[in-house]
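**Q** I'd like to ask some things about the structure below.
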Amino acid sequence: MQFRRLARALAALFLLAAPMTVAAAPQALARETVQQRIDALLPGADLVMPEGKGPFPVVIQLHGCGGKKSFQALWAEQARAAGWAVIVVDSYRHRNISTLQAYATVCTGVRLWGRERAGDLYAMMEWARAQSWADPSRIAVAGWSHGGWTALDAMTLKPGAEMASSTRLDGLSDEPLKGLVGAFVVYPYVGPGSVAWMRGLITFDAPVKALVGTADVIVGNRGLAKTLQKMRTPTTPVDVTLLEGATHAFDEVEAKDIRVRYDPELTEQAHAMYRDFLKAMAGIAPAS
C-alpha cells in the first residue's frame, strides 16, 4: 500500500510536468558528439556474435534502470541462436552511475529519462552500421523496463532539433534510426515523462513487440497492456503479449526486490518469443 501511494504521488508529479516541453526533462552534465558517445559506450558494451562470416543482423540490448546484469547474457544467447549479432549496452559505466545511485535516481525519475538515454541507441546504431560484420539494413532494439522506455522514446522523438536537445548529442545524422526493423520491449515503462506515452509512436515505422506481466506492480500490468495496445506506429499497432502471473523482472534469476519473482517457465516462453521475433525481423520463418 505504501508503494502504491508513492507511485501515485510520483505519477502526479510527472503529470504536472507533462504539458511542459521536451526540454523539461532532467539535464545531463554536458553535451557530447555522437563519436564521443560511441567511444564512451564501447568499453562497457558486450558483443556477442553468431557463427559464420556475416554480415549479420544486429540487435542492441538496453538494460533496465538497475543497470546491466548477468541475465542480459541469457537473452543475448537467444539472439545469437537466432542468427543475430548482439550489442549489450551499459548506459551507466561512462556516466559513473553506481547500482545504488541508479536505484536512487534513475529508477525514481530524478535523472536520465528515456528520451535522453535514446542517444545511446542512436550512437550504437551509427557504430553498428559502420561495421563490416553488420547488416546495416537489419538492426533491432530490445529494451527491459527503463530500456523499453528508452527504445520507445527513441522511436518517437523527431529528427533534428528535438533529438539533439533531448539526447544532448551533437552530430546526429539526419536518420539516426536508419536500418531499424523492429523493437522488442519487456515490461517497459510507458507513463508520465515518456514521450511515447504522450504522443504515441508517430515518428518511426517499425514493428513493436511488448511483453507485459499480469502481476507487475512496478510499471503496471493489464493497464499497461491497454496503454500499449492503444499505441501504434504509423502503420502497425503494438503487438502485446500478456504473461499470466509474471512480475516485473520475472526473467532475472538474481532479482532481490520483494516485488519481483523469477519464473523459469515464463522466462523460457519469453526467450522463445524473442528468438521468433528476431527471426521474423530477419525474414526467417519461426520454428513451428
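The values are calculated or read from the model by the stated rules, or taken from the named source; none is laboratory data. Keep in mind that this is a model prediction, so the values were computed, not measured. Methodologically, a virtual Cβ is constructed for each residue, glycine included, from the backbone with ideal geometry; neighbour enumeration extends over all protein chains shown.
**Q** Only one of these is basic (Lys, Arg), part of a helix (DSSP H, G or I) and either out of contact with any strand residue (DSSP E or B) (no Cβ under 6 Å at 6 or more places or on another chain) or on the phi > 0 side of the Ramachandran plot (or both): 256, 279. Name it. Reasoning before the result, please.
**A** Details: 256 fails: part of a helix (DSSP H, G or I).
The match here is 279.
**Q** Pick out the one residue from 74, 100, 121, 112 that is surrounded by fewer than 18 Cβ atoms within 10 Å (Cβ to Cβ) and within 17 Å of the chain's Cα centre (by Cα).
**A** Working: 100 fails: within 17 Å of the chain's Cα centre (by Cα); 121 fails: surrounded by fewer than 18 Cβ atoms within 10 Å (Cβ to Cβ); 112 fails: surrounded by fewer than 18 Cβ atoms within 10 Å (Cβ to Cβ).
74 is the lone residue from the list that is surrounded by fewer than 18 Cβ atoms within 10 Å (Cβ to Cβ) and within 17 Å of the chain's Cα centre (by Cα).
**Q** Taking the criterion of being touching a Pro at 6+ places or on another chain (Cβ under 8 Å), closer than 14 Å to residue 134 by Cβ and assigned to a loop (DSSP other than H, G, I, E, B), would at least one residue in the range 36-54 satisfy it? Spell out the reasoning first.
**A** To start, the set of residues in the range 36-54 that are touching a Pro at 6+ places or on another chain (Cβ under 8 Å) comprises none.
Within the range 36-54, not a single residue is touching a Pro at 6+ places or on another chain (Cβ under 8 Å), closer than 14 Å to residue 134 by Cβ and assigned to a loop (DSSP other than H, G, I, E, B).
**Q** Are there any pairs, at least 6 apart or on different chains, whose C-beta atoms fall under 9 Å, with the first in the range 74-92 and more than 12 Å from residue 45 (Cα to Cα) and the second among the basic types (Lys, Arg), and if so, which?
**A** Going by the 9 Å Cβ cut-off, the qualifying pairs are 78/275; 79/275; 81/275; 82/275; 82/279; 83/279; 84/138; 84/279.
**Q** Name every residue in the range 259-276 that is assigned to a loop (DSSP other than H, G, I, E, B) and crowded, with 17+ Cβ neighbours inside 10 Å, in order of residue number. Full working, then the answer.
**A** First pass over the range 259-276, keeping only residues assigned to a loop (DSSP other than H, G, I, E, B): 259-263.
Correct list: 260, 261, 263.
**Q** I'd like to check which helices (runs of 4 or more DSSP H) are fully inside the range 143-251 and have at least 3 residues that are in contact with a strand residue (DSSP E or B) (Cβ under 6 Å, 6 or more places away or on another chain) and in contact (Cβ under 8 Å) with a residue 40 or more places away in the chain.
**A** Details: elements: 146-154, 161-167, 195-199, 222-230.
The qualifying helices (runs of 4 or more DSSP H) are 146-154.
**Q** Considering only residues that are more than 21 Å from residue 137 (Cβ to Cβ) and out of contact with any His (no Cβ under 9 Å at 6 or more places or on another chain), which ones fall in the range 52-67?
**A** 67, the sole residue that qualifies.
**Q** Please verify whether residue 64 is assigned to a helix (DSSP H, G or I), within 18 Å of residue 185 (Cα to Cα), of a type in the set (Gly, Ala, Ser) and modelled with pLDDT of 95 or more, treating the condition exactly as stated. I'd like the intermediate steps shown before the answer.
**A** Numbers: assigned to a helix (DSSP H, G or I): no; within 18 Å of residue 185 (Cα to Cα): yes; of a type in the set (Gly, Ala, Ser): yes; modelled with pLDDT of 95 or more: yes.
Here the answer is no, as residue 64 does not meet what is asked.
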